[in-house]
1. Filter the GluC sites (Glu not before Pro) in segment 99-194 down to the DSSP loop ones having no more than 11 other Cβ atoms within 10 Å, then list what survives.
2. Assuming 0.890 mPa s and 25 °C, estimate D for segment 188-295 with Stokes-Einstein, Rh taken as the Kirkwood radius over Cα pairs, in µm²/s.
3. Rank these by accessible area, largest first, 1.4 Å probe: SER266, SER89.
4. Based on Cβ point charges of +1 for Lys and Arg and -1 for Asp and Glu, what charge dipole magnitude is obtained for segment 231-313 about its Cα centre, in debye rounded to the nearest 20?
5. At each listed q (0.18, 0.22 Å⁻¹), what is the log10 of I(q)/I(0) that the Debye formula gives for segment 112-226 modelled as equal alpha-carbon point scatterers?
6. With springs connecting C-alpha atoms under 10 Å apart, model the chain as a Gaussian network and identify which of LEU225, LEU67, LEU390 has the largest mean-square fluctuation.
7. Taking the square root of 5 times each eigenvalue of the Cα gyration tensor, what semi-axes in Å does the equivalent ellipsoid of segment 325-383 have, largest first?
8. Past the 26 Å Cα-Cα mark, which pairs from LYS285/LYS411; LYS135/LYS381; LYS65/LYS305; LYS381/LYS409; LYS176/LYS305?
Amino acid sequence: MRNRRTRRTRRSRGTRRTRWTGVLAAVGLLLAGCSGAGGDGGDGGPVRLRFQSLAWQDESVTANKELVQEWNASHPDVQVEYVQGSWDSVHDQLLTAFEGGEAPDIIHDASDDLADFAYGGYLADLTELLPRRLKSDIPQRSWETTTFSEGDGDGIYGVPFLQEPRVLIANTTWLKKSGVRIPTPERPWSWAEFRTVTKRLSGDGKYGVAWPLKEPVSATLNLSLSTGGELFHRGADGRVEVRFDAADEVVPRTVHDQVNEDGSASGTTLGMGGSDTLPGFFGGKYAMVPLGFSYRQQLAQQAPKGFDWQVLPAPAGADGLTQGVSPQTLSVAEDSPHKTEAAEFIDFLLRPDNMVRLALGDWMLPTGTAALADPALHTTKDDWATGTALATRLRSAPAQSVRGYPEWKDKVATPAFQEYYSGAIGLAELRRRLVKDGNLVLARYQR
């Protein structure tokens, strides 16, 4: 469970700084050049910034490091140090760094992790720091994932730059032999048709679909946008409440019924992560696996010779192929003394050609419209074109700006969905937990 002790206001952080003013003044000479936010260039040397990247795939790490080197070569007065971070521990690591005054200047994270940091005063408002080019290149639907209301208005606390739809990775040979209709972005399956297809593909110890739902909440909520499900509803007073309406039921009921009624989905994969399902997929146990678009890299590297796979769009509901995403983001620490230079580096990193390089390295889609139009992202190889066709249907994840969401997810929603999908509880109990127990959690963050 993530530690949520840091839900401070900007005012309380300012008071803390004031109390330390005298101490810092007394030891300022000793600390000069030792700040965790980078050098200040005051001694005539270059400004030094630290960029913490969460890139982990070899291609992505290489692309990030090359771009840092290119920046440093062309900006001798502003030098950037590449710092390797980890997705597994980023929230707690940043929390410790913020509290200790050692946060990197430029922070790589995901938009669904920003709310508490933004409201806590740890991230800089980038509204006036970002150039017009970058603001206009990224669509408003993406900016909504990093925009939070604070004080007198909205602020931008991160630049969304990479995103991925959830898609179906399918065994092409299996689907063709079955004679089922192959969906396309123009003619996707409905959720009802998807259930019918998976039943048709199942039998003799094989399953039409494997749902890897070790982390069931974001997958369920994001896919439910296609059916009109929102779950979180914000009132005129800004307070958020959970409601589990008919539109919110479609996706959970589909998964539950595939596992517990149809026998078309394997119950053993419910506790798995996406990568855990790949051996069974390659071994012919599952016809399809819903995964993030970037999993294609693992398939390209690990699929047995001759194994034919393809990317299909996720099922569509009343709102078509719409689904929620939490893009990867770049933010600037509020304590950084060089916010302007940090924003300039972000702008460089996210120029269209560079954004394409980052997208290809991570096997994801760029948010920028110029980068998204690049021919390299519209090829049939590895089904880039299928994913790119879904880009305009990606929206801010339902819980993006909900304070207290991580605790609601960990304490309430995750165990509730896991028990419902396994058949341990019914839909009524799922609703009760999400709504009644969930609203009790959220209320503590909205006093």
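1. Numbers: sites: GLU99, GLU102, GLU128, GLU144, GLU150, GLU186, GLU193; in loops: GLU102, GLU128, GLU186.
Loop-located and lightly packed - GLU128, GLU186.
2. Numbers: Rh = 14.8 Å.
D = 166 µm²/s.
3. Values: SER266 0, SER89 60 Å².
Result of the area sort, largest leading: SER89, SER266.
4. Details: 7 positive and 10 negative charges, 80 e Å.
With Lys and Arg at +1 and Asp and Glu at -1, about 380 debye.
5. -0.99, -1.29
6. Of the options given, LEU67 has the highest mean-square fluctuation.
7. Details: eigenvalues 148, 28, 13 Å².
That gives 27, 12, 8 Å for the three semi-axes.
8. Values: LYS285/LYS411 33 Å; LYS135/LYS381 31 Å; LYS65/LYS305 32 Å; LYS381/LYS409 37 Å; LYS176/LYS305 19 Å.
Where the Cα-Cα span goes over 26 Å, the pairs concerned are LYS285/LYS411; LYS135/LYS381; LYS65/LYS305; LYS381/LYS409.
The values are calculated or read from the model by the stated rules, or taken from the named source; none is laboratory data. Being a predicted model, the structure only gives us computed values, none of them experimental. Here the Cβ is made from the backbone with ideal geometry for all residues, glycine too, and neighbour counts use every protein chain on show. Only protein heavy atoms, including side chains, enter the accessible area calculation; ligands, DNA and RNA are left aside. Shrake-Rupley method; radii C 1.70, N 1.55, O 1.52, S 1.80 Å.
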